[in-house]
Amino acid sequence: MVQNHLLQILSLVAMEPPPSLAAEDVRGEKVKALKSIRAMTPENVAKQVVRGQYFAGTVNDESRVGYRQEEKVDAESNVETYVALKLFIDNWRWSGVPFYVRMGKRLPKKATEISVHFKDAPGVLFSALPGRVPDGNVLVIRIQPDEGISLRIISNLPGASLRMEPVKMDFHYASSFGKSSPEAYERLLLDCMAGDATLFARRDEVEEAW
């Protein structure tokens, strides 16, 4: 999942704008982004990677077995069912910006989304406000199951006094256009029949991801 799905999403987020939407132009920029991911030393892995495996427990008052008790799973399996990585892309645009990549099974929320946290502006103008100034703006791109985009911004509440609170603006693909976008494999099968390779991984892209 990390090598294929998550790095595909990462490369699309981090790539530079291609000169056109032609398949080779888009795939070329994705390869450049993958090539710029900083390689990890064993010391980096210990600090920047978390792996885990779900155990038996309760979800919504329902008992669930652990991964090792699942059907056709080795009782001594060390296969991880959760992984989180902190990655860096060493190029001009993303120097020093951390990318957090996470995925797992049996989590409270089943969703695929990209969360972009904008750098906080200096809070000098609001330093005299009582309490703490809320965290900065966040753009969330929901890929599935509810395709859409939400933007959390910090806004002043109505009234004479200055009170800062986070508010959310939401766009839902289905409610705006009356239907959901095509399923992932539905789109890929259509592109395959049409000969459009934009969303397919090129050989050098697969090698860089590994």
Study note, to complete from the structure: Extension length gain for residue 62 and residue 202 (0.36 nm per residue less Cα distance), in nm, is 46.1 nm
**Study point:** Fluctuation leader among 34, 190, 87 - the chain, Gaussian network, Cα springs under 10 angstrom
**Key:** 190
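What order do 89, 143, 37 take when sorted by accessible area (1.4 Å probe), most exposed first? Write out the running numbers ahead of the final one.
Numbers: 89 0, 143 70, 37 40 Å².
Per-residue accessible area, sorted high to low, gives 143, 37, 89.
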Revision key, fill the gap. Under a Gaussian network model of the chain whose springs join Cα atoms within less than 10 Å, the largest fluctuation of 43, 62, 183 belongs to 62
Practice item. Would you list which lysines come within 27 Å of residue 35, measuring only between C-alpha atoms, while excluding same-chain residues fewer than 8 positions from it? Key: 47, 86, 119
Review point. What distance in nm separates the simple spin-label points at residue 118 and residue 40, each placed 7 Å from Cα in the Cβ direction?
Key: 3.1
Point to revise | GNM result for the chain, Cα springs below 10 Å: residue of 200, 118, 88 fluctuating most strongly | key: 118
Review point. Given R₀ = 30 Å, FRET efficiency for residue 2-residue 156 by Cβ-Cβ distance, to 0.05?
Key: 0.15
Practice item. Please work out how much length the chain gains when fully extended from residue 25 to residue 49, using 0.36 nm per residue of separation minus the C-alpha to C-alpha distance, in nm with one decimal. Key: 5.5 nm
Exercise for review: Sort 47-59, 70-82 for me by packing, meaning the mean count of neighbouring Cβ atoms within 10 Å per residue, highest on top.
Suggested key: 47-59, 70-82
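The values are calculated or read from the model by the stated rules, or taken from the named source; none is laboratory data. Computed from a predicted model, the values in this text were never measured in an experiment. Using ideal geometry, Cβ is built from the backbone for each residue, glycine included, and neighbour counts are taken over all protein chains shown. With ligands, DNA and RNA removed, areas are computed over all heavy atoms of the protein, side chains included. Shrake-Rupley method; radii C 1.70, N 1.55, O 1.52, S 1.80 Å.
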